[in-house]
Each structure stands twice: as C-alpha cells, then as structure tokens.
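Take a look at the structure below.
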Amino acid sequence: MHIIPVKDFNDLGRKASQFIIQLVREKPDAVLGLATGSTPKSTYKELIQDHRLNGTSYQHVRTVNLDEYVGLAKDNPNSYHYFMRDQFFNHIDIPDRNIYIPNGLASDLDEECRRYDRLITELGGVDLQILGIGRNGHIGFNEPGTSFEVMTHVVDLTLDTRKANARFFNTLEEVPKQAITMGIKNILQSRSILLLASGPSKADAMARLLNESKITNAFPASSLHQHRNVTVIADEDALSMVYLERRA
Ligand code: F6R
C-alpha cells in the first residue's frame with residue numbers, strides 16, 4: 001500500500017486528480033470507478049477545472065459508480081445519480097451513455113446487481129477505483145461483517161452509516177435503509193485503487209488500516225491489503241493517529 005500524505009482537503013483533491021488525469025491521458029477510454037460522499041468532492045472540482053483549462057476529455061471514458069441508495073429516484077437530490085451529475089458529470093464532456101450507476105429503483109434488485117456485475121465485465125473491468133472510507137471502515141457500502149467474496153449486492157445500512165449520511169437529509173428517518181453496492185470482490189478486481197481520506201473523523205479508521213495489517217471482515221477496508229496496487233492519499237487530520245514512520 002503506497003501512502004501519500006497531503007496537507008488538507010484541497011491538497012487531497014489536487015493530488016488525487018493528478019492520478020486520474022494521467023490515466024485518462026494515457027488511456028482515453030479508461031474505466032473509472034467512482035465514489036460519492038464528501039471526500040471526492042475536491043477531486044471532482046480539480047478535474048472539472050483541469051477539463052476547462054487543459055481540455056482533458058472524457059468523451060471516451062466510461063464510469064461505474066460504487067453504489068446507490070435503494071428507493072431514491074435519479075432526480076432526487078440525495079440520490080447518488082444526482083450527486084454525480086451535480087458534482088462532476090454536468091461539468092465535463094462525458095456522454096450519458098458512458099455513465100453507469102446502479103438503479104436503486106429497479107423492480108428486481110437482485111437482477112439489477114447481476115446486471116451491474118455483467119456490465120463491469122463487459123466494460124473490461126475497472127482501471128482505477130476511487131474509494132472513500134467510512135468511520136467504521138466500510139468501503140462502498142460494504143459494512144463490517146460483509147464477506148470479501150460477494151459481488152454487487154443489496155445491503156442494509158447500519159445506523160452508524162445512516163447517521164453519518166443524515167447530514168444530507170432533513171431527518172434520519174429519510175435516510176434510506178438499503179443500498180446497492182459493488183462488493184469487495186468487485187473492488188479488489190479493479191486494476192488499481194485510490195483510497196482517499198480527509199478530516200479527523202477518519203483518523204481512527206486510517207490508524208486501523210495503516211498501523212495494522214490484519215485482514216478481517218470486521219473492518220472491510222482491511223481487504224485492501226490483499227490488493228497489489230493501492231494508493232492511499234490522506235490529509236494530516238486523517239493521518240493524525242498513523243505512526244510517523246509510515247507517514248514519511
Ligand atoms: C460513497 C461510498 C462510501 C463513502 C464513505 C465515506 O460512494 O461508497 O463508502 O466513500 O461513506 O463518505 P464521506 O466521503 O462522505 O466521508
């Protein structure tokens with residue numbers, strides 16, 4: 001696991017965007033695995049700025065998002081469909097047909113999961129998967145206890161995760177109780193992974209990930225120790241409990 005310490009959230013965006021821009025320049029039809037949440041926002045902002053200033057094109061890039069809430073329509077401002085358009089897709093030149101996000105309104109959710117797995121295979125797999133990390137170590141919506149062997153599936157969200165995401169909703173009750181998420185197996189099949197972490201609320205999870213190498217279902221991010229090409233970009237607050245020698 002390669003660790004890149006950065007100063008703050010804005011620095012995180014600058015550094016992470018460099019990885020993505022380099023990949024898209026080298027492989028214009030790259031498959032990007034994308035995440036939502038607060039953490040990648042500064043990265044998307046940098047990518048948009050680079051697109052405007054330097055013309056990096058996403059005409060041939062394909063994107064697959066990690067997850068989507070069950071029960072929210074695409075135009076619901078709390079859906080991940082909406083988030084991705086608002087934060088990224090509306091501001092670059094990616095065609096709609098190249099954007100893939102699980103459909104949380106599918107009538108048969110299990111079939112939607114299988115469809116999503118087939119789709120990723122048909123795209124040739126993910127070149128670079130962007131990940132945030134939950135305070136409990138979740139990646140995607142793979143909560144503690146999830147098998148590392150599952151592919152895309154429907155999950156019941158933990159109260160901790162629903163509370164963490166309640167800031168985007170009016171009340172905790174409005175936060176969906178289920179989501180569709182790529183499984184850890186999908187994530188580990190990506191050719192490379194970029195895990196991003198920012199802020200003091202991630203310090204515990206980063207300490208557990210980086211100070212220990214134990215792989216356990218109780219801490220889903222530990223599965224990343226099994227992958228050969230993981231880069232972690234994290235800011236000072238997120239790394240505040242990580243041993244200094246690992247930060248050098
Ligand atoms: C988002 C996702 C989640 C988030 C995680 C961190 O697509 O899959 O695993 O990455 O919950 O969220 P933030 O960045 O809001 O702290």
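The values are calculated or read from the model by the stated rules, or taken from the named source; none is laboratory data. Because the structure is predicted, anything quoted here is derived from the model rather than measured. Positions of Cβ are generated from backbone atoms using ideal geometry, with glycine treated the same way; all protein chains shown enter the neighbour counts. Note: accessible area is taken over every heavy atom of the protein model, side chains too, but ligands, DNA and RNA are not part of it. Shrake-Rupley method; radii C 1.70, N 1.55, O 1.52, S 1.80 Å.
Loop only per DSSP, at most 16 neighbouring Cβ atoms within 10 Å: give me the trypsin sites (Lys or Arg not before Pro) in the stretch 97-152, ordered by residue number.
Sparse-neighbourhood loop trypsin sites (Lys or Arg not before Pro): Arg135.
State which entries of Lys163/Lys202; Lys7/Lys163; Lys45/Lys163; Lys41/Lys202; Lys7/Lys202; Lys7/Lys41 exceed 18 angstrom in Cα-Cα distance in the structure shown.
Table pairs above 18 Å Cα-Cα are Lys7/Lys163; Lys45/Lys163.
What are the trypsin sites (Lys or Arg not before Pro) within the stretch 193-229 that DSSP puts in a loop, where the Cβ has at most 14 other Cβ atoms within 10 Å?
Here the trypsin sites (Lys or Arg not before Pro) that fit, given the DSSP loop and packing criteria, are Lys214, Arg228.
How about Lys214: which aspartates and glutamates have a C-alpha closer than 16 Å to its C-alpha, ignoring those fewer than 8 places off in the same chain?
By straight Cα distance, Lys214 reaches Asp204.
Using the charge dipole of the stretch 93-248 (Lys, Arg: +1 at Cβ; Asp, Glu: -1 at Cβ; taken about the Cα centre), state which of Gln189, Leu109, Leu119 has its Cα farthest towards the positive end.
About the Cα centre, the residue reaching furthest to the positive side is Gln189.
Using a simple charge model, +1 on the beta-carbon of Lys and Arg, -1 on the beta-carbon of Asp and Glu, nothing else, what dipole does the chain show about its Cα centre, in debye to the nearest 20?
My answer is approximately 520 debye.
Rounded to the nearest 20 Debye, what is the dipole magnitude of the stretch 114-156 about its Cα centre when Lys and Arg each give +1 and Asp and Glu each give -1 at the C-beta?
Here the stretch 114-156 has a charge dipole of around 80 debye.
At most 12 other Cβ atoms within 10 Å and a DSSP loop assignment: could you name the GluC sites (Glu not before Pro) in the stretch 144-227 that fit?
Within the stretch 144-227, the qualifying GluC sites (Glu not before Pro) (loop, at most 12 other Cβ atoms within 10 Å) are Glu149, Glu212.
Divide by every residue of the chain the summed helix terms, -39500 (n - 2.57) for each DSSP H run of at least 4, and state the resulting mean residue ellipticity at 222 nm, rounded to the nearest 500 deg cm²/dmol.
Only helices count here, giving -9500 deg cm²/dmol.
Would you be so kind as to identify which of Ile139, Val64, Thr43 lies farthest towards the positive end of the dipole of the chain, taking Lys and Arg as +1 and Asp and Glu as -1 on Cβ and the Cα centre as origin?
Thr43
Could you name the aspartates and glutamates whose alpha carbon sits less than 18 Å from that of Lys177, not counting residues in the same chain fewer than 8 places away?
Partners found: Asp67, Glu68, Asp108, Asp110, Glu112, Glu143, Asp156, Asp160.
In the stretch 89-248, what percent of the accessible surface is made up of carbon and sulfur (1.4 Å probe, ligands and nucleic acids excluded)?
47
Given a 1.4 angstrom probe, what's the average accessible area per residue across the chain, in square angstrom?
On a per-residue basis, 45 Å².
Placing +1 at every Lys and Arg Cβ and -1 at every Asp and Glu Cβ, with all other atoms neutral, what dipole size does the stretch 47-138 have around its Cα centre, in debye to the nearest 20?
Once rounded to the nearest 20, the dipole reads 200 debye.
Considering only DSSP beta bridges whose two residues both sit in the chain, what percent are antiparallel, to the nearest 5?
Around 25 percent of the beta bridges assigned by DSSP in the chain are antiparallel ones.
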